[in-house]
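Worksheet: one structure, shown below.
The values are calculated or read from the model by the stated rules, or taken from the named source; none is laboratory data. The model shown is predicted, which means the values in this text are computed figures rather than measured ones. Heads up, the Cβs are rebuilt from the backbone with ideal geometry, glycines too, and the neighbour counts pull from every protein chain shown.
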Amino acid sequence: MRPDNLKTKIFLDSGDPADTREVLGVLGFLDGQTTNPSLVANNPHMQAKIENGEQLSSSEVNDFYKGVVQEISEMIPVGSISVEVYGDADTSAQEMLSQAREMTTWIPNAHIKFPTISAGLEAAQTFITEDHGRVNMTLVFSQEQAAAVYAATRGAKKGEVFLSPFVGRLDDRGVNGMSLIENCIQTYRNGDSHVEILVASVRSFEHFLYSIALGVDIITSSKKFLLKWAEQGMPVSTGAYVYQKGDLQDIEYRHIDLNLDWSEYDIYHELTDAGLARFADDWNKLIGV
């Protein structure tokens, strides 16, 4: 069961309800689950359809995604389930918003994932202010993006906005992704705490343990590290935990004013564009585009 001294919420990162069932059986709890187009594309049932040569329409893929998150929601009814809108470089804010409005009807505990690009921030801002929706801003790689998310969602309540920095993809480029987490924590200390930091793209058990030691709001992980954590007795690392970054280069902290309009921040990051293209490609492969 959940350790008494654990402050961080634990999410599973998977598009397969079988993983949810397995992790719940071992841990005894989950606070939520994150999904995305790539994870759903790798769902064994979807892969079986593809291997059988089935040609799926966009609506059929959408219905499959809906069924997946509904099954997950039934197993984690009081947690949060992140559901991602389809988006590429040409998707408008209105198109993302329309998807979000549909997806939020699928389950009662959805956080809708928007990419941290201009169209995504615009859609998220409207979704929060007009629809009272809950969002998870994804593909975050910089402090500027974190500040823009804070500004675009100003006025939201704690629990309604997640920020998802992708630490593993920074590590892949020789940059210490966990230093971005440290910087985001420091940045938000000057704010009202309405944005919760969700550590994503976890590639190592050290990522997992250090996130807990930092006291992040949420961490999402594949079942591999969650099962390893359970196997070790679900240790709760403390602030004394020493993260071994090796040769990775830290991202220097910058003081950023959180009181600007979101459009005034430089939110461009090439890894955000690359991640958006990857998700779109995985989704489009399902419908033969």
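Remarks
- Count of region 242-289 residues which are outside any loop (DSSP other than H, G, I, E, B), under 23 Å from the mean Cα position of the chain (by Cα) and surrounded by 12 or more Cβ atoms within 10 Å (Cβ to Cβ): 18
- Checking G239 against (1) modelled with pLDDT of 95 or more; (2) in contact with a helix residue (DSSP H, G or I) (Cβ under 7 Å, 6 or more places away or on another chain); (3) not polar (S, T, N, Q), the condition it does not meet: (1)
- Verdict on T116 being in contact with a Gly (Cβ under 9 Å, 6 or more places away or on another chain) and hydroxyl-bearing (S, T, Y): no
So that you can scan it fast, the table gives a plain yes or no per residue for (1) farther than 23 Å from K113 by Cα; (2) out of contact with any helix residue (DSSP H, G or I) (no Cβ under 6 Å at 6 or more places or on another chain); (3) β-branched (V, I, T):
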site: M1; (1), (2), (3): yes, yes, no
site: N5; (1), (2), (3): yes, yes, no
site: V26; (1), (2), (3): yes, no, yes
site: A41; (1), (2), (3): no, no, no
site: P44; (1), (2), (3): no, yes, no
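- Set side by side, the residues G28, G53 differ, and just one is at positive phi, exposed (fewer than 13 other Cβ atoms within 10 Å of the Cβ) and modelled with pLDDT under 95, which is G53.
- Number of the condition not met by L170 [criteria: (1) of a type in the set (A, V, I, L, M, F, W, C); (2) over 28 Å from D90 (Cβ atoms); (3) touching a Gly at 6+ places or on another chain (Cβ under 7 Å)]: (2)
- Subset of region 73-107 [touching a residue at least 40 places away in the same chain (Cβ under 8 Å), farther than 24 Å from D19 by Cα and not hydrophobic (A, V, I, L, M, F, W, C)]: G87, D88
- Residues (under 23 Å from D257 (Cα atoms) and surrounded by 18 or more Cβ atoms within 10 Å (Cβ to Cβ)) located in region 185-213: T187, Y188, V195, E196, I197, L198, V199
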